[in-house]
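Trainee: Can you keep this structure in mind? I'll have questions shortly.
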Amino acid sequence: MKHITIAVLALGAGVALGLSEAQAKLRKHLLTPVEGRKGWYTTTGPVQFKVGEQIETDAGLPKGLAEAVEDLQCAQRESKAKAKAAEEAAKTEAAAKAAEEAQALADAVAKATEKA
């Protein structure tokens, strides 16, 4: 299961993780590659991950650590929903502004017509 960290995550020894090459390179002294699984490692000591890092696990994380991660698919869906809501809000705001400008123009034309 793919996760994104939403808080600092500390894992102990013996945890199997799927990591990017960059992540593994930074922690190479604390990882042993899993034979036959490219990009997978077993921790040999305490390993920490910063907020926003993506990791993959076969098994779920212990409940105590579950609050530090979010399912990556859920995070992506939530991000798309927020983007869509922001887009809709921008459209609504633009429509309201256009209506306001149209009303101001109509008022100006009506005023000009009265004077003529």
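Trainee: So which residues in segment 3-49 are under 17 Å from G64 (Cα atoms) and assigned to a loop (DSSP other than H, G, I, E, B), if there are any at all?
Mentor: Within segment 3-49, I6, A7, V8, G12, A13, G14, V15, P46 qualify.
Trainee: Next question. Given (1) loosely packed, with under 10 Cβ neighbours inside 10 Å; (2) charged (D, E, K, R); (3) at pLDDT below 90; (4) closer than 17 Å to K2 by Cβ, where does E21 come up short, assuming only one miss?
Mentor: (3) is the only condition that E21 fails.
Trainee: For segment 67-83, which residues satisfy the criterion of being exposed (fewer than 12 other Cβ atoms within 10 Å of the Cβ) and at pLDDT 70 or above?
Mentor: E67
Trainee: Right, here's the next one. Looking at segment 23-62, which of its residues are among the acidic types (D, E) and touching a Lys or Arg at 6+ places or on another chain (Cβ under 8 Å)?
Mentor: Answer for segment 23-62, where residues must be among the acidic types (D, E) and touching a Lys or Arg at 6+ places or on another chain (Cβ under 8 Å): just E56.
Trainee: Collect the residues in segment 33-42 that are of a type outside the set (K, R) and surrounded by 11 or more Cβ atoms within 10 Å (Cβ to Cβ), keeping them in residue-number order.
Mentor: Selection gives P33, V34, G39, W40, Y41, T42.
Trainee: Please work out which one of (1) at pLDDT below 80; (2) charged (D, E, K, R); (3) farther than 21 Å from I4 by Cβ is the condition E35 fails and give its number.
Mentor: Status for E35: all satisfied but (1).
Trainee: A follow-up question, please. Does any residue in segment 2-16 that is more than 11 Å from L61 (Cβ to Cβ) come within less than 7 Å, Cβ to Cβ, of a residue that is part of a strand (DSSP E or B) and among the aliphatic types (A, V, I, L, M) six or more places away or on a different chain, and which pairs are these?
Mentor: I4/V69; I6/V69
Trainee: Just checking, does segment 43-62 include any residue being at pLDDT below 80 and exposed (fewer than 10 other Cβ atoms within 10 Å of the Cβ)?
Mentor: Yes, segment 43-62 contains at least one residue that is at pLDDT below 80 and exposed (fewer than 10 other Cβ atoms within 10 Å of the Cβ).
Trainee: In addition: If you check every pair at least six apart or on different chains, which have Cβ atoms under 8 Å apart with a residue in segment 34-61 that is within 16 Å of E21 (Cβ to Cβ) and free of Cβ contacts under 8 Å to residues at least 40 places away in the same chain first and a residue that is of a type in the set (S, T, N, Q) and assigned to a loop (DSSP other than H, G, I, E, B) second?
Mentor: Close Cβ pairs (under 8 Å, with a partner that is of a type in the set (S, T, N, Q) and assigned to a loop (DSSP other than H, G, I, E, B)) amount to G39/S20.
The values are calculated or read from the model by the stated rules, or taken from the named source; none is laboratory data. Since the structure is predicted, the reported quantities are computational estimates derived from the model, not experimental observations. Because the Cβ atoms are built from the backbone with ideal geometry, glycine has one as well, and the counts that use them run over all protein chains shown.
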